[in-house]
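Comments concern the structure below.
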Amino acid sequence: MKFLFLFKLFLYVFVPLKLSAVIAQQEQDYITKLKYQKQSNFKQNEHSFVLDNGLEALIISDPTAKQSHVSMSVNVGYWHEPKEHRGIAHYLEHMLFLGTKTYPKEDEYSDYIKKNNGTKNAYTTTEETNYYFSINHTALEGALDRFSKFFFEPTFNPEFADRELTNVNSEYEKNLCSNPHKFMHMRRISSNPKHPNYKTFQGNKETLSKISHEVLTKFHSDFYTANRMKLVIITAESITKIKDLISEKFKNIPAGINQDDNSTTDFLYNNDQLARLIELKPSGDHHEIKLIFMMPLSEYSYAASIIIDLLNRKDAGSLNDILKKNGLIVEMNSNITSHKKEKMIATTLAVPDGMEKSWKDICKKIFSYLGNLRNESLSKEYFEEKKINKQIIYLNKQPQSSLDEAKSISNKMHKYPANIADSVEELLAAEYNNNDFQEVLKFLVPSNMQVIMTNSSLSLEDNNVETDKFFDMVYRISKIPQEDISYMENHHINFDNLYPKTNSFIPQSFDYKHAMNPNIQCKNDNFGRLLCKVEHINEQALAYYNFLLLTPKNLTLQEYSTFVLYLNCLNQSAAKWMGPAKELGYIATLTLKPNGYELFFKGYSDKIITFISQYIDNLQNISLSQNEFDSIKSKLVENIVSAPKKTSVYMQAYEKIGRAHV
C-alpha cells in the first residue's frame, strides 16, 4: 500500500496534468488520418479556432443535419464551489435561463427556442456545466444572440431567486429515494475530506438560502470566463457563416486568467479511505455491490480501457459468466472515469437477495482473474483485433449530428485537442505496450479498493452506524481486515479463458458502391410478405433486417409475464456469444408488439446472415444454468415488488409536472 501511495505522489507532482499534452504525436497522426477518411466518406467538414478572449470553438458542417445543435461546456462545477455555498454551481445554472440585460424577459430564450421547433437544457457535474440547445437552421443566429448573453450579461433577477431555489430543492427531494443517488452521495462522503469531491452536493433549501445575489454574481464573474469555455456547433450551414456568428456573438465574454483553481495535491481517496467496507441501507429491495479503485492519471492510456473490456466480457467461460453460473451475481459492469488528476475504475455488481454476505468470495474470483492477467503478458492477438475492431466501427458509424454529440464533444475538448476530441476515445491509437497494461493492474488490488454494498437489515441500533442529513442515509464504514485482504488476493483460481475467442463477425469485405436508384423487390406468398430494398446509404457497408411475426390474439397477463422472463433469459444466453458482434455494432432485438413480435437485425453485409442464423438458433435453444435462471427470475420479482417503494411522492409529482428545464 505504501508503494501505491508514493507512486501516486510522484506522478501527481511530476507528470503534466492536461490529457491533451501527453497524447503522443504518432497517436494524434493516426487518429487524424482516420478522421479525415471518415469525413470524406460522410461528407462532413469541420473547423476549430480560438477567439481573442480564449474561447475555443469547433464547427462541424454536416449537410444532412436536420437542425443546428449547440453546446457550451464551461469548466466549472461542484468541485469549484466554496464549502459555505454548496450547490451554487447548479443553482447558477438554473438562474442563467431567467433573463439578460439585452433580453430581460424571463421566458425570452425559452420561447424563442420553442417557437422554432427547438429544445434546450443544461446540467452540472463535478468539473463542467453544459448548456445546450437544438433549433431550426434558419433561427440559429437569433438563438446564438440570446444564448451568448448568458455568459457575460445575466441579470440573476432576484424576483425569481426563491422560485428557482424551490425548483432545485425539488430535484434534490425527488432523488432522496434513488439508490443510484444514494451510492453517489456515499462515494462523496466517504472520500478524502481534503479533496473537493467531499463537499460536492447538488444543493437544497438549507444550503442555497445562504447564497445572496452578490455571491452568485461573483461566482459567475470568477468562473464564467472565456478561457474556461468550449463551444461546439453542428449544423448544415457553412463554416464561414458560423465562424462569423461565433466571433460576433461571443467576443464580449471576459477573457479570464489561466489557473487551476480547484487544484489539490490531495487524493480523492487516500490510505484512510481505501481498504474500506461501506454498508448502506437501500431504498426498497435493492441488492448491489460496488468496487472502486483509484489510480493516478499519468498519461492517456489505452490499458485501463482494455482491462474494462475484459472485465465486461459475457462470453462463455468469462469472469462474468462464471460468477453468474455460480449464482453469485445477476449482472456485472465496469467503467472508468477520468478526472484531471485521477482515474477511477468502478465495478458494479447486481447480486441476488442476500448474496452481499458473499462479497469476499465474489471479490476472490475477480482478483483471481486479474491475477491471471497480471501473470501473463497482454495478448498481442487480442490487442491487434481490438484495434482493428475499433477502426472498423469508427469508419462505418454514421456521424450522429445530434445534440448528444455536441454535448459530448464540448466536454471532451477540456481534455483533448479540438481536432480529435470526438475521436480519441473511440479509437485504439497506441502501439502495443505490455508495461502500460501491467502498471494499471498494479492498482487493481484489494488494498487499493473501497467496497460499497447494500445491507437491508442495517439499523440505527447496530454498532458503529452513522447517518447523513442530506440523504437520510443509514450506513456503516469499517476497515477491511488484513486477513480478508489476504484471502481475496492469495486464493487464485486458474482461468482457461483469459481472452475471448477470435471474433468471427469481423467483415472481410466492404461494398461502398453508391446506388442512386435502390433496387426494390417484393414477394407475397403463403409464407408471408417480403419487401427487400437494396441501397447503400452514405456509403455504409451495413444491412438491416426487420421481421414482424403476427399472432392471432393478444397475450394474457400470464403470457406477457412469461415473455418478459423469456426475453431476459434469451438476452443472457445470447450474451455468451454475441459480445464480439455487439462490439462491432451488430444489433439483434426481439420486441413485443400489439399484434405480434418484431425481430430487428443490423450488421455488416458479408456477416449478417451468419449473425441472424446464430440468433434464431438461440431463440429456440437458450443455454442457462439453474442458478442463472433463478437469479433472473428473482431480480424480476424484486423489481416488480420494490417499484412503488422506490418512487417518492416528489418523484411522482416531478414526473407529472414535466418541467422543461431541469
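The residues in region 113-161 that are part of a loop (DSSP other than H, G, I, E, B) and closer than 14 Å to Ser410 by Cβ can be counted, and the count is 3. Among the numbered conditions (1) within 25 Å of the chain's Cα centre (by Cα); (2) under 25 Å from Glu628 (Cα atoms), the only one that Asn389 does not meet is (2). Consider region 350-372 and keep the residues that are assigned to a helix (DSSP H, G or I) and among the small types (Gly, Ala, Ser). The one that is nearest to Pro296 (Cα to Cα) is Gly371.
Residue pairs whose Cβ atoms lie under 7 Å apart, sitting 6 or more positions apart in sequence or on different chains, and linking a residue in region 580-601 that is open to solvent by less than 60 Å² (accessible area, probe 1.4 Å) to a partner that is among the basic types (Lys, Arg), are Gly585/Lys397; Tyr586/Lys602. Hey, can you tell me all the residues within region 177-188 that are open to solvent by less than 40 Å² (accessible area, probe 1.4 Å) and either among the basic types (Lys, Arg) or part of a loop (DSSP other than H, G, I, E, B) (or both)? Cys177, Ser178, Lys182, Arg188, listed by residue number. Annotation note: Cβ proximity below 6 Å between a residue of region 80-102 that is in a helix (DSSP H, G or I) and a residue that is buried (at least 23 other Cβ atoms within 10 Å of the Cβ) and of a type in the set (Gly, Ala, Ser) (sequence gap 6+ or interchain) occurs for His90/Gly203; Tyr91/Gly203. If you go through region 163-190, how many residues are closer than 17 Å to His339 by Cα and touching a strand residue (DSSP E or B) at 6+ places or on another chain (Cβ under 9 Å)? Summing the residues that are closer than 17 Å to His339 by Cα and touching a strand residue (DSSP E or B) at 6+ places or on another chain (Cβ under 9 Å) in region 163-190 gives 1. Every test in (1) among the hydrophobic types (A, V, I, L, M, F, W, C); (2) modelled with pLDDT under 95; (3) farther than 30 Å from His195 by Cα is passed by Met95 save one, and that test is (3).
Tally up the residues in region 59-69 that are surrounded by fewer than 23 Cβ atoms within 10 Å (Cβ to Cβ) and among the aliphatic types (A, V, I, L, M), please. Total satisfying the criteria: 1. Looking only at region 31-58, filter to residues that are among the aromatic types (Phe, Trp, Tyr) and at pLDDT below 85; which one of those is surrounded by the fewest Cβ atoms within 10 Å (Cβ to Cβ)? The selected residue is Tyr36. Could you tell me how many of the residues in region 316-333 are buried (at least 21 other Cβ atoms within 10 Å of the Cβ) and either part of a strand (DSSP E or B) or touching a strand residue (DSSP E or B) at 6+ places or on another chain (Cβ under 7 Å) (or both)? Final tally of qualifying residues: 5. Scoring Ile452 on the criteria (1) surrounded by 18 or more Cβ atoms within 10 Å (Cβ to Cβ); (2) more than 21 Å from the chain's Cα centre (by Cα); (3) under 23 Å from Lys360 (Cβ atoms) leaves a single failure, condition (2). Taking the condition modelled with pLDDT under 85, exposed (fewer than 13 other Cβ atoms within 10 Å of the Cβ) and aliphatic (A, V, I, L, M), does Leu542 pass? No, not satisfied.
Return the only residue of Lys243, Lys249 being among the basic types (Lys, Arg) and touching a strand residue (DSSP E or B) at 6+ places or on another chain (Cβ under 8 Å).
Within the list Lys243, Lys249, the selection yields Lys243.
Only one of the numbered conditions (1) in contact (Cβ under 8 Å) with a residue 60 or more places away in the chain; (2) within 21 Å of Glu489 (Cβ to Cβ) is violated by Glu381, and that is (2).
With respect to the conditions (1) within 13 Å of Ala161 (Cα to Cα); (2) in contact with a helix residue (DSSP H, G or I) (Cβ under 9 Å, 6 or more places away or on another chain), Thr217 falls short on a single one, namely (2). Entry remark, region 433-442: residues being over 15 Å from Ser334 (Cα atoms) and crowded, with 20+ Cβ neighbours inside 10 Å number 1 in total. Which condition number does Ile253 fail, the rest of (1) aliphatic (A, V, I, L, M); (2) modelled with pLDDT of 95 or more; (3) surrounded by fewer than 22 Cβ atoms within 10 Å (Cβ to Cβ) being met? Of the numbered conditions (1) aliphatic (A, V, I, L, M); (2) modelled with pLDDT of 95 or more; (3) surrounded by fewer than 22 Cβ atoms within 10 Å (Cβ to Cβ), the odd one out for Ile253 is (3). Listed by first and then second residue, the pairs with beta-carbon distance under 6 Å, at least 6 apart or on different chains, first residue in region 33-49 and over 23 Å from Leu231 (Cα atoms) and in contact (Cβ under 8 Å) with a residue 24 or more places away in the chain, second part of a helix (DSSP H, G or I) and open to solvent by 40 Å² or more (accessible area, probe 1.4 Å), are Asn41/Glu539. Only one entry in Lys174, Lys218, Lys210 is in contact (Cβ under 8 Å) with a residue 24 or more places away in the chain and surrounded by fewer than 16 Cβ atoms within 10 Å (Cβ to Cβ), namely Lys210. Of the listed requirements (1) of a type in the set (Phe, Trp, Tyr); (2) within 22 Å of the chain's Cα centre (by Cα); (3) open to solvent by less than 40 Å² (accessible area, probe 1.4 Å), Tyr198 misses just one: (3).
What's the total number of residues in region 374-410 that are outside any helix (DSSP H, G or I), at negative phi and buried (at least 18 other Cβ atoms within 10 Å of the Cβ)?
3
Counted as qualifying within region 540-645 are the strands (runs of 3 or more DSSP E) with 1 or more residues that are among the charged types (D, E, K, R), namely 587-593, 596-604.
The single condition among (1) assigned to a helix (DSSP H, G or I); (2) modelled with pLDDT of 95 or more that Thr347 does not meet is (1).
From the list Asp29, Asp111, which residue is over 25 Å from the mean Cα position of the chain (by Cα) and closer than 18 Å to Glu425 by Cβ?
Asp29
Filtering Gly354, Gly371 for residues that are out of contact with any strand residue (DSSP E or B) (no Cβ under 6 Å at 6 or more places or on another chain), touching a residue at least 24 places away in the same chain (Cβ under 8 Å), more than 29 Å from Gly585 (Cα to Cα) and surrounded by 17 or more Cβ atoms within 10 Å (Cβ to Cβ) leaves a single hit, Gly371. The set of residues in region 421-439 that are of a type in the set (A, V, I, L, M, F, W, C) and over 19 Å from the mean Cα position of the chain (by Cα) comprises Ala429, Ala430, Phe437. Look at (1) at pLDDT below 95; (2) touching a strand residue (DSSP E or B) at 6+ places or on another chain (Cβ under 7 Å); (3) crowded, with 16+ Cβ neighbours inside 10 Å and you find that Ile88 fails only one, number (2).
Taking region 442-537 and the strands (runs of 3 or more DSSP E) fully enclosed by it, no element has 3 or more residues that are within 29 Å of Phe601 (Cα to Cα) and at pLDDT 85 or above.
The values are calculated or read from the model by the stated rules, or taken from the named source; none is laboratory data. As the structure is a computational prediction, the values presented were derived from the model and not from experiment. Please note: Cβ atoms are built from the backbone with ideal geometry, for glycine as well, and neighbour counts cover all protein chains shown. These area figures cover heavy atoms from the full protein model, side chains too; ligands, DNA and RNA do not enter into them. Shrake-Rupley method; radii C 1.70, N 1.55, O 1.52, S 1.80 Å.
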